[in-house]
Amino acid sequence: MLPDQQGPAGPQQQSGYRLPDCYRHPGVETGVSCTRCERPVCPDCRVSASVGFQCRECVQGGHATARSARTEFGGAAVRDPALVTKILIGINVLVWGLQYLISVADLDHLYMQGQLVAQGQWYRMITSVFFHTNILHIGMNMWSLWIIGPAIEQLLGRWRYLGLYLVSGLAGSALQLIVAPGTWALGASGAIFGLLGALVVLQRKRGYQLGPILAIILVNLVATFTIPDISWEAHVGGLVAGALIGLGLAHAPQRNRALVQWGTMGLTLAVVLVVSLVGVAQIPG
């Protein structure tokens, strides 16, 4: 072999020098190191970065420590901002469909009726929010939910939005319990009025014109008090609760924002519970 020819081992191995092994694969030499931890990484263990390469552990650690995107009022930003709205509509439609497969008499124990709540059937206060009387009833409510729900869900995030919806629905049942315990009621209207109440506060905080929203609320309140057999208690109770929760969601300070927001929702729920207990205490045994 001529002096300037390379044998199978190459010049680095002939001189006793070898590249470091990959930190995950001993015996696999590499000349590339992670730009963050400086550990040697082979092609299977490195990920391209803005400058050089990083090991997979550093990439995963960076993702874990990075602040997740948030909505305008503190919720987690997600790809589908209308998911909870779709689920709520799906549950309402499913329950309405089941009413045609099951005897109506078998479902009476799920409607709101204050005197029966006083006998211990507290579940009626929430189950009644997911029942409707006819196709027009559910059609109007689900159309309203689809129109306003996704916008609020996108502002608040999924869990705050869901909490707002459920607490508003319970507030409507609570006001009916204390004002008209002898009447039957069902429907998602109270929860939807709660969304409208919160939307007024949220949009005011954002500097938006409130005329269209207030007009919608006014028209619906007029219909509430003029059309027979509509539970105005559920509508007004939901509207007031939604506005109160909206105040906490919209005006919570950046510091401890989540604590203030969920605290406001919890306080509103506590008021609903107190009102419900007062209503039950007033019902003759």
Taking the highest mean first, how do the peptides 79-92, 194-207 order by number of other beta carbon atoms within 10 angstrom per residue? 194-207, 79-92
So what's the convex hull volume per residue for the Cα atoms of segment 99-242, in Å³? 111 Å³
Hits in segment 213-249: amide N under 12 Å from the 7 Å Cα→Cβ extension of A151, namely 213-217
On the first, second and third principal axes, largest extent first, how far apart are the outermost C-alpha atoms of the chain in Å? 109, 46, 34
I want the local charge near L145. Using Cβ-Cβ distances under 13 Å, sum +1 for each Lys or Arg and -1 for each Asp or Glu among the other residues. 0
With each label point set 7 Å from Cα along the Cα-Cβ vector, what nm distance links V274 and Y100? 4.5 nm
Assuming R0 = 25 Å, can you tell me the calculated FRET efficiency for the pair A49 and E29, based on Cβ-Cβ distance, to the nearest 0.05? 0.70
Using the Karplus curve 6.51 cos²θ - 1.76 cosθ + 1.60 with θ = phi - 60°, what ³J(HN,Hα) values do you get for each residue of segment 112-118, in whole Hz, with x for Gly and Pro? 7, 8, x, 5, 7, 4, 5
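For T226 and H109 in one chain, what is 0.36 nm times their gap in residues minus the Cα-Cα distance, to one decimal in nm?
Numbers: separation 117, 0.36 × 117 = 42.12 nm, distance 2.82 nm.
Going from the current span to full extension adds 39.3 nm.
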For the chain, calculated [θ]222 nm from helices alone, where every DSSP H run of n ≥ 4 adds -39500 (n - 2.57): -19000 deg cm²/dmol
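Take each complete run of DSSP H in the chain, measure how far its Cα atoms stretch along the helix's own axis, and keep only those covering 15 Å or more with mean Kyte-Doolittle hydropathy at least 1.0; list them. Spell out each step's value before the answer.
Details: long enough: 83-98 (22 Å, 1.97); 135-156 (30 Å, 1.12); 158-179 (32 Å, 0.93); 189-206 (25 Å, 0.89); 211-226 (22 Å, 2.05); 232-251 (28 Å, 1.13); 257-282 (38 Å, 1.53).
Answer set is 83-98, 135-156, 211-226, 232-251, 257-282.
Between V78 and I216, what length comes free when the chain is fully extended (0.36 nm per residue of separation minus the Cα-Cα distance, one decimal in nm)? Don't skip to the answer; put the middle values down first.
Details: separation 138, 0.36 × 138 = 49.68 nm, distance 2.86 nm.
Stretched fully, the V78-I216 segment lengthens by 46.8 nm.
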Expressed as a rounded percentage, what relative contact order does the chain have, with Cα pairs under 8 Å and six or more residues apart? 17 percent
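Each reported figure results from applying straightforward, stated rules to the coordinates on display, with no laboratory input. Source: prediction; values computed, not measured. Neighbour counts run over all protein chains shown; Cβ positions are idealised from the backbone, glycine included.
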